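Single-structure report; data block below.
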Amino acid sequence: MTEALTATGAAPSKGASRGPGETWPGRARAGQWRLSLAGFAALIARDLRVLVKMPSSFLLRTVLNPLMFVFVFTYLYPRIGAGHFGQVAGQSLATVALPGLVASAIIFQGLNAVALPLSMEFSATREIEDRVMAPVSHRLVALAKVCFSALQSLIAAVIVFPLVYLVPATPVQVHVSSWPALVLATVLGSLLAGFLGLLLGTVIEVRKIATVFTVTVVPLTFLGCVYYPWASLHTVRWLQVLVLANPLVYLSEALRAALTSALPHMSTLASLSTLAAMTVVLAWAAARTFTHRVLT
Amino acid sequence: MTGPEKTAPSWAGPRLRVEGLVKRYRGSDRNAVDGVSLEVGAGEIFGLLGPNGAGKTSTILVSTTRARPTAGKVTLDGIDVAVHGSRARRHLGVVTQVNTLDRSLSVWENLYFHCRFFGFSRREAKARCRDLLDRFELADRSGDRVDHLSGGLAQRAQLARALAHHPSVLFLDEPTAWLDPQSRLALWDRVRALRDQEGVSVVLTTHSMDEADRLCDRVAIMDQGRILVCGTPEELKRAVAAAVTVELRLKAPPSPEVLHRLEALRGVERVTSEADKVEVLTASRDGAVPDLVSAVGEGLLDLSVSEPTLESVFISLTGRNLRD
Ligand SMILES: Nc1ncnc2c1ncn2[C@@H]1O[C@H](COP(=O)(O)OP(=O)(O)O)[C@@H](O)[C@H]1O
Ligand SMILES: [Mg+2]
């Protein structure tokens, strides 16, 4: 092999002398910060554009489930003589389920807003590619997804609340006992939902995602203290302990404490701190799986 | 130039430098890239030529911050891609083997958001989109959903997107593998224009020796994770005792015995026959013709020897065909 045929060594330079990227390398670190911020905003803007194109899919997945529930159990039941169904501590099911339905709307937004699209974007079409090639860290790309999902969770909460308040035929006893706790629970729950969605979206193959949704969403909802307070499970002790693994329980209970404090509920400190701890753990795990998925 | 203002001095070294790159995937027992070193200068079209599984895509994945190097180092305009991934991404554009356009967005939106990811203001991004749509003849498709684009159009849109932020090195992974011959020639013209008019360096992978030969300024022939040889196409063809193809025309279709004798000759890699024609690929030209003539014997009508190609270089280096 001759000297000339090694791969390194000066290559004859052709073409114009101006290199298009040649002014980039010296950009100050401050430039990278500004660029990261701009990139982050653009990633959110992209997701927003996709959402705005199809607002009906967001509305349907947010509204349908709680609407059908309150319609059947809190509007129809009282009219067909089953008005006592689901009462707890003298409160109607409409009151019992209101915090729970808001909580489940928040949590499952994360799956729909992050897990499903992300799992598809990582699969055959690899649409995620252009976003992970943005000049921002991969963690920021993941964080943008989570933040946008959290935003959708907040909007979902705002939409579902009046629905479950107004539809029932029986009066709903709602009184905000602590605004800070209410806001904190909603925000923490929204972030937790986003990280949960990120985790599932990065570890589950697209062809399995429908099955995974079914086997997670259904038990998490029915065993998430959505339709009954956690305290009332004391008669089925093993279940009361088992459901403590379900993050939805803590959000339902935290909202119950903040909105319907007349009902038995977990202490706000316990529910919020567990919610925070679970959010941190999920964030840590999801950051790992996302990076793992992006970088081979 | 459209886009965020750029400051700071220019980088005088090679645009891309790969030093002793090794890539072994998790759970694999062999190196997909096994000690590759190469340099690509400004305004150069550099080809990685090799059969499937040679490690071309893996080399690109590491260079474009999408895979971690197992060992070795890749720098882009002097920036270590494994250490400063986000910074390095400003210097590179990539068109992957599969279409990765954002299916939820239109053609225009794909370009627009790409610019925004790179810190362009709304105005700058819109101006850049207009530029690109014109230049890549996509203006009348700008509102189309990308899943309705044909292969050639989708590739043009991907190329426009890869160039939107003015990268200094453009990576094209098998850019013409799925294109019809006409789109393929058009792409070659575009790539040459990028080099000549904007000084963009292009690194492309291909398993087409024709493409490597006609488009690339320099070519590295890769096999099993290693670079076998690297130089201009002419240098490679000249320096390697390249294999040649000899075409024989006979009076009648050859008997199996004749074909057998040809295959048994020293240096012969492959014998194919069709009616009265026989094509023989032989590792070296030296002494080949007399051997062939005597092996065929009486029935020979005509004989021609073709010029060495990059494929013959590959064959003489590995004893295998590019398509094997
Ligand atoms: N993600 C991966 N995990 C494990 N092995 C891989 C992966 N990607 C590629 N390989 C292996 O690495 C080798 C080189 O592949 P690749 O870089 O795609 O080659 P080329 O692009 O030249 O066809 C092949 O043997 C391939 O099977
Ligand atoms: Mg490849």
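The values are calculated or read from the model by the stated rules, or taken from the named source; none is laboratory data. What you are looking at is a predicted structure, and each value in this text was computed from that prediction instead of being measured. With ideal geometry, Cβ positions are generated from the backbone for all residues, glycine too; neighbour counts draw on all protein chains shown.
Within the set B:Arg270, B:Arg261, the sole residue that is farther than 30 Å from B:Gly72 by Cβ and modelled with pLDDT under 85 turns out to be B:Arg270. Selection within the stretch B:271-294: residues that are touching a Ser or Thr at 6+ places or on another chain (Cβ under 9 Å) and in a strand (DSSP E or B). The member of this set that is farthest from B:Leu317 (Cα to Cα) is B:Val278.
Give the residue, chosen from B:Gly41, B:Gly27, that is at the interface with chain A (Cβ under 9 Å from one of its Cβ atoms), out of contact with any helix residue (DSSP H, G or I) (no Cβ under 9 Å at 6 or more places or on another chain), more than 21 Å from A:Glu121 (Cα to Cα) and surrounded by fewer than 24 Cβ atoms within 10 Å (Cβ to Cβ). Among B:Gly41, B:Gly27, only B:Gly41 is at the interface with chain A (Cβ under 9 Å from one of its Cβ atoms), out of contact with any helix residue (DSSP H, G or I) (no Cβ under 9 Å at 6 or more places or on another chain), more than 21 Å from A:Glu121 (Cα to Cα) and surrounded by fewer than 24 Cβ atoms within 10 Å (Cβ to Cβ). Counted as qualifying within the stretch B:196-269 are the strands (runs of 3 or more DSSP E) with 1 or more residues that are within 14 Å of another protein chain (Cβ to nearest Cβ) and within 16 Å of ligand 1 (Cβ to nearest atom), namely B:201-206, B:218-223, B:226-231. Scanning the stretch A:218-256 for residues that are surrounded by 17 or more Cβ atoms within 10 Å (Cβ to Cβ), among the β-branched types (Val, Ile, Thr) and more than 20 Å from A:Val176 (Cα to Cα) gives A:Thr221, A:Val243. Taking every residue in the stretch A:284-296 that is in contact (Cβ under 8 Å) with a residue 40 or more places away in the chain and pairing it with any residue that is not hydrophobic (A, V, I, L, M, F, W, C), at least 6 positions away or on another chain, the pairs with Cβ-Cβ distances below 6 Å are A:Ala287/A:Arg139; A:Thr289/A:Thr202; A:Phe290/A:Thr202; A:Thr291/A:His138; A:Arg293/A:Thr202; A:Val294/A:His138; A:Leu295/B:Arg68.
The residue list B:Arg123, B:Arg128 contains one member that is in contact (Cβ under 8 Å) with a residue 60 or more places away in the chain and either more than 7 Å from chain A (Cβ to nearest Cβ) or of a type in the set (Gly, Ala, Ser) (or both), which is B:Arg128.
The helices (runs of 4 or more DSSP H) located wholly in the stretch B:1-117 that include 1 or more residues which are among the aliphatic types (A, V, I, L, M), assigned by TED's automatic domain parsing to the domain that holds B:Arg156 and more than 16 Å from ligand 1 (Cβ to nearest atom) occupy B:85-89, B:107-117. Checking each residue in the stretch B:159-190 for being surrounded by fewer than 21 Cβ atoms within 10 Å (Cβ to Cβ) and under 24 Å from B:Ala125 (Cα atoms) picks out B:Ala162, B:Arg190. Determine whether B:Ser150 is of a type in the set (Ser, Thr, Tyr) and under 28 Å from the mean Cα position of the chain (by Cα). When the stated conditions are applied, B:Ser150 passes them. Across the stretch B:74-101, the qualifying residues are those that are within 16 Å of ligand 2 (Cβ to nearest atom) and not β-branched (Val, Ile, Thr), and the one among them that is nearest to B:Val169 (Cα to Cα) is B:Gln97.
Any residue that is assigned to a helix (DSSP H, G or I) and away from ligand 2 (no atom under 16 Å from the Cβ) - is there at least one of those in the stretch B:163-172? Taking every residue of the stretch B:163-172 in turn, at least one turns out to be assigned to a helix (DSSP H, G or I) and away from ligand 2 (no atom under 16 Å from the Cβ).
Summed over the stretch B:51-73, the residues that are more than 9 Å from ligand 2 (Cβ to nearest atom) and within 13 Å of chain A (Cβ to nearest Cβ) give a count of 13.
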